[in-house]
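Only one structure is covered here, and it is reproduced in the block below.
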């Protein structure tokens, strides 16, 4: 399995475990997860998000065969073009994670669109976690809503050459993003960790509406237990070939892994 | 694709060398049985309720859940007398449709004191319901709850209370109870069995676990959609596995995955999955 939604480092509002490279790898071994895309959890609340990218690059230096680094960049913060260059050329990062609500910008702001276009030119995937944690348990210090799905639809439409992964979200089928023949470019995939796979079965609906090539496995570990995402694939009513695409094939293609 | 329940659970892979094998179920009461202590069936005013209830049973089959303790809630707030009476009648019918599989909680608005008492007696004493379910009509510490809790003590059934704690006032639920209220009620009524609902769907779960520490007769159900790593481990560490009850509250893969992934002993996992709830069920007077 390839997990497109994993993290290293500390989060400002809750203690995380298994959040070092070695700790995460041990957890991955226990859950039979072969590779994981990781970014800095600390960058979510660092003012200068790039400090977290430097930490991640150092942390995974000896584990690049299994840990795939993504950068967290804030296009509303000084120097992001320099930081993008460093993340791509020096750190070998294969993509970005954007936190528009935590970093206080809109995905359709000109600076963010510049960042997305530049990432696309560099062949970097742009991932958008809809949330870092459930809003009901937010700290008294901050109120960070989930990323608005219409705003996401705006950026995928504005940057058709970019490749997006939408993570840690649900309710896509209630928005334009999860509808069949929605008029949007097919340049985004949806990660499964918060999708229902029984009862409402949003996972099944998204497979039906967007197609089997646009759903990817992710857990949100170490914020999350990885087991719910694994269990979703166990109970999913789909062929083994489709499940294999979700487990690894689609992510390997998007990330250009060999 | 339906798999035999035990076979399915036995096939879950490395992290899931779990707990539910019948052959290991010798040490605690009901330890081989998986009981979902907090769930719901559909309000029958909804179109397609029958199919929705069937899907719930099918999902329980897939996940290896043997019994589901359910209530049916009306949508109106505050809960009306007609609303809870109708839902309890539907719930009684559901226990007949799925005998032994679905167990019923009697849902009431404690504000209708006399009628709520009659309703609880009718369904717990007369129809085999296993407990009382409360939503957010009143906080569990309010005086109007006293006759309800005292009746639960008399009948030896649990009171399952909707609960949540946030750092901000949830405007739609001004009278929601939290772990602190449950602990206060538990200390006031040490003979009562109270259940604090959905650790993973009630806001700041670390707060809730800490708030419940000093109320040994308050159980905590493990249901909810939030899949934060470490939730179950902290609850076991602070409260002890004997006070945790496996539950889903409609979040099925999240809730099963949470228990499956928790870094706890297999003995503790068995207690949480069914042993503890079975012990509560065994106490009933009727």
Considering only residues that are closer than 19 Å to residue A:106 by Cα and in contact (Cβ under 8 Å) with a residue 24 or more places away in the chain, which ones fall in the range A:51-89? A:71, A:72, A:73, A:74, A:75, A:76, A:77, A:79, A:80, A:81, A:84
Qualifying residue in the range A:238-247 (condition: within 12 Å of chain B (Cβ to nearest Cβ), in a loop (DSSP other than H, G, I, E, B) and over 14 Å from residue A:3 (Cβ atoms)): yes
Listed residues B:54, B:77; which is modelled with pLDDT under 95 and out of contact with any helix residue (DSSP H, G or I) (no Cβ under 9 Å at 6 or more places or on another chain)? B:77
Residue under evaluation residue B:248, criteria (1) crowded, with 23+ Cβ neighbours inside 10 Å; (2) within 14 Å of chain A (Cβ to nearest Cβ); (3) not in a loop (DSSP other than H, G, I, E, B), criterion not met: (3)
State all residues of the range B:180-194 that are in a helix (DSSP H, G or I) and surrounded by fewer than 21 Cβ atoms within 10 Å (Cβ to Cβ); if no residue qualifies, say none. B:180, B:184, B:187, B:188
Any residue in the range B:129-143 that is free of Cβ contacts under 8 Å to residues at least 24 places away in the same chain, in a helix (DSSP H, G or I), over 17 Å from residue B:113 (Cα atoms) and away from chain A (no Cβ under 14 Å)? no
Being in a loop (DSSP other than H, G, I, E, B), more than 8 Å from chain A (Cβ to nearest Cβ) and crowded, with 24+ Cβ neighbours inside 10 Å: is that true of residue B:235 here? no
Right, residue B:259: surrounded by 21 or more Cβ atoms within 10 Å (Cβ to Cβ), within 12 Å of another protein chain (Cβ to nearest Cβ) and in a helix (DSSP H, G or I) or not? yes
Evaluate the range A:195-208: report whether one residue or more is part of a helix (DSSP H, G or I), within 14 Å of chain B (Cβ to nearest Cβ), touching a helix residue (DSSP H, G or I) at 6+ places or on another chain (Cβ under 9 Å) and free of Cβ contacts under 8 Å to residues at least 12 places away in the same chain. no
Mind checking which residues of the range A:124-141 are over 23 Å from residue A:38 (Cβ atoms) and either more than 11 Å from every other protein chain (Cβ to nearest Cβ) or in a loop (DSSP other than H, G, I, E, B) (or both)? A:138, A:139, A:140, A:141
Residue list for the range B:195-219, filter: under 30 Å from residue A:200 (Cα atoms) and either in contact (Cβ under 8 Å) with a residue 40 or more places away in the chain or assigned to a loop (DSSP other than H, G, I, E, B) (or both): B:195, B:197, B:198, B:199, B:200, B:201, B:202, B:204, B:208, B:219
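The values are calculated or read from the model by the stated rules, or taken from the named source; none is laboratory data. For clarity, every value in this text was computed on a predicted model and none was experimentally measured. Please note: Cβ atoms are built from the backbone with ideal geometry, for glycine as well, and neighbour counts cover all protein chains shown.
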